[in-house]
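First comes the structure, then the notes that go with it.
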Amino acid sequence: MMKDAIAILDFGSQYAQLIARKVREAQVYCELFPWDAAAEQVLKLEPKGFILSGGPASVYEPGAPFVPAYVLQSGLPILGICYGMQALAYALGGAVKPSQEHEYGPAEIETLHENPLIQPGYQRVWMSHGDRIETPPEGFAVLGRSANSPVAFIGDLERQYYGLQFHPEVHHTPSGAEILRRFVIEICGASPEWTPDSIIADSLERIRRQVGSENVLSAVSGGVDSSVATALVQKAMGCQLAAVFVDTGMLRQGEAAQVRQVLQEQLGIELICVEAESRFLEALRGVTAPEEKRRIIGELFIRIFEEQARQLSLPRFLVQGTIYPDVVESSAPERAKAERIKTHHNVGGLPADMSFELVEPLRYLFKDEVRLVGEALGLPHSMVWRQPFPGPGLGVRCLGEVTAERLERLRQADAILRAELEVAGLLRMDARGEQVAGTAQAFAVLLPVQSVGVMGDKRTYNEVIALRAVTTEDFMTADWARLPAELLARISNRIVNEVAGVNRVVYDITSKPPATIEWE
Ligand code: XMP
C-alpha cells in the first residue's frame, strides 16, 4: 500500500534528520534524499510536497547546491528552510545577499499577515544563518520578520511555496512541530497515516513479499534493534524464522534473562540460546586495550553465530536491524558525511564468507519509531525504551582486564545506579526524542585502580566505581547531569555497602567534548 509521503531534500544540514523526525511525528511518512539525488529516485515516492533543508553553502558560490528543476516543475507545495529558502528564492529570481550580522541563536519573529502556515503574532524561533533575502521573488509576500531579518518568512499562497529563515525542526522553536504539521497535512494534504499499526502492517507485507516460503535466520544481541527486527519477522513468517541469541556475558543485569523470556516464551520465537560468557572471558583474558576488546568481542560473536548458523544448514535470508539513520548517513552529501564524527562497531556484523540476502524491516524507521513498533508488538516498555548501550557491552565499561568477578562487580553497581535513578524519575525512558528531565544515559564504570579505605575498623584496598550520567540531545555533545547530591550520596552508600570489592565511588563531571560519554 502506497502512503502519502513528503520528500525532504538535504542540502547538507545538521538538522535534516530532525526535519524528517518531526514530519513523522505528525504521522506523515517522509524520506530524506541528497539534494542532487536522481529525479526518478525521489519521484518514485510520489511525494505530496517537498521540504528543502538548510545547509552550509551560499547560493551565489560557484557550485552551490540548487533547487532541482523537477521540484519546481512538479506543481507541488514547497517549504524551504534557511538555505532551502534562499535557494528557492534565488531559483525564482529573488535577491539573496550576505548579511553584515550573522544571526545565530534564539530570536523572535513577527508574522504580519494571515497565511496557512503560521498565525499572525510573535513566535520564539531558532536562527542560524549568515545570508539573507533582500528581495523575495515575484509572487511572494513577506509574511514575517525578525529584528535582524526583515525577510524571515515568505510565501506565495497561490503556488503554495513557503520559506522560513529560521529552523522549525529544532526544539528551540516551540511552535516548529506545529508549523511542519500544518505544511505537510494542511498545505500538502498528506493524510496522517504513519502510525505504529500501519508501519507494522506495511512491514509484514514487505517481509512476506521478500521472503516467500524460504527460511530466515536472525542474530539477537540483546539490543533494541535486533529484538524488534526479530519480533517483526516472527510475526510475518512464524515458523520460518530461527533466531540465535549469543549471550556474551557482557549484558546488564537481568537483560539476558529478559531477552529469553520475552522472545522465546512470550512471542514464541524459536530461539537458540548460546551461553558463551566463558568463551568471551577466555578470549579477553589479559586484554586491557579497549579497541582490542571491541575487536575480540565482535569477532567472537560472529564466530559463534556462524557455528550455529551452519548447524541450521544456512538459510537464504538473514535479519538485520539496520535503522534509517544508518541508511541516511551512508548516502548523505559528502560534506555532511565528513562532518559526522563517529562510527561504531556493533556486535553482530556479517560473517565475511557467508552470503545471505538481508531482511531489514527497520530500514526506514527512526529509533523512536523502532521503539513504538516494539511496544506495539508486545515487547515490554523496559526493554524497548532503555538507554543506549555500546555493542561490546560491559566489556568496554570494565576498564582493565575483564574477569568474571570484575564484570559482576560492575553489573551490580550499574544496577544500583539505574534502580535509584528510576525511583527518582531520572531515567529517560520515554518522550519521542525530546530532552526531558533526567538523564539521556547513565551507567557505572569499573576502574582498574585500587585505593585504600577503611570499613568497620579494617583497612581495605579495593576498586573504584565511576558513575557517569549525561544529558544530551544527540550524543555527539553532552553535559554531565546535575544529579541531586542526596541521590548521589545514596547511590554511593549502596554501592560500597552492597558490592564486594568496591570501597570508593566517584562522579564524572566532564562534558563531551573534551571527554566522551563512555570511558573505555
Ligand atoms: P561516546 O563514548 O563516543 O559515545 O561519547 C556516544 C554514544 O555512542 C554509544 N556507543 C555505542 N553504540 N555501538 C553502539 O551502538 C557501540 O559500539 C558504541 N560505543 C559507544 C555510547 O554509549 C553513547 O551513547
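Summary table below
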quantity	calculated
Shape call, the range 1-69: gyration tensor on alpha carbons, a/c limit 1.5	oblate
Value of relative contact order over the chain, rounded to a whole percent, pairs C-alpha under 8 Å and six or more apart	10 percent
Protection-proxy order for peptides 470-477, 267-274, 226-233, each taking the mean of Cβ atoms within 10 Å per residue, highest first	226-233, 267-274, 470-477
With eigenvalues of the C-alpha gyration tensor scaled by 5 and rooted, the chain, Å	45, 30, 19
Value at 222 nm in deg cm²/dmol, rounded to 500, when DSSP H runs of n ≥ 4 in the chain each add -39,500 (n - 2.57)	-9000 deg cm²/dmol
Ellipsoid equivalent to the range 397-507 - semi-axes via the Cα gyration tensor, in Å	27, 15, 11
Convex hull volume of the range 196-384 per residue (C-alpha atoms, cubic angstrom)	133 Å³
Nearest-20 debye value, the chain charge dipole, Cβ charges on Lys, Arg, Asp, Glu	900 debye
Shape of the range 139-297, Cα gyration tensor, a/c cut at 1.5	oblate
Alpha-carbon centroid distance for the pair the range 124-150 / the range 502-520, whole angstrom	43 Å
Sorted by Cβ density within 10 Å, fewest first, the residues 6, 154, 304	304, 154, 6
Table column - 3J(HN,Hα) (Hz), the range 45-52, Karplus curve with 6.51, -1.76, 1.60, x for Gly and Pro	5, 6, x, 8, x, 10, 10, 9
Relative packing of peptides 440-446, 73-79, 140-146, 36-42 - highest average C-beta neighbours within 10 Å first	440-446, 140-146, 73-79, 36-42
Among beta bridges that DSSP assigns inside the chain, antiparallel share in %, nearest 5	50 percent
Pair residue 270, residue 330: separation of 7 Å Cα→Cβ label points (nm)	2.8 nm
Burial ordering of 364, 29, fewest other beta-carbon atoms within 10 Å first	364, 29
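FYI, it's all coordinate maths here, none of it is from the lab. No experiment lies behind these values; they were computed from the predicted model shown. Cβ atoms come from the backbone with ideal geometry, glycine included; neighbour counts cover every protein chain shown.
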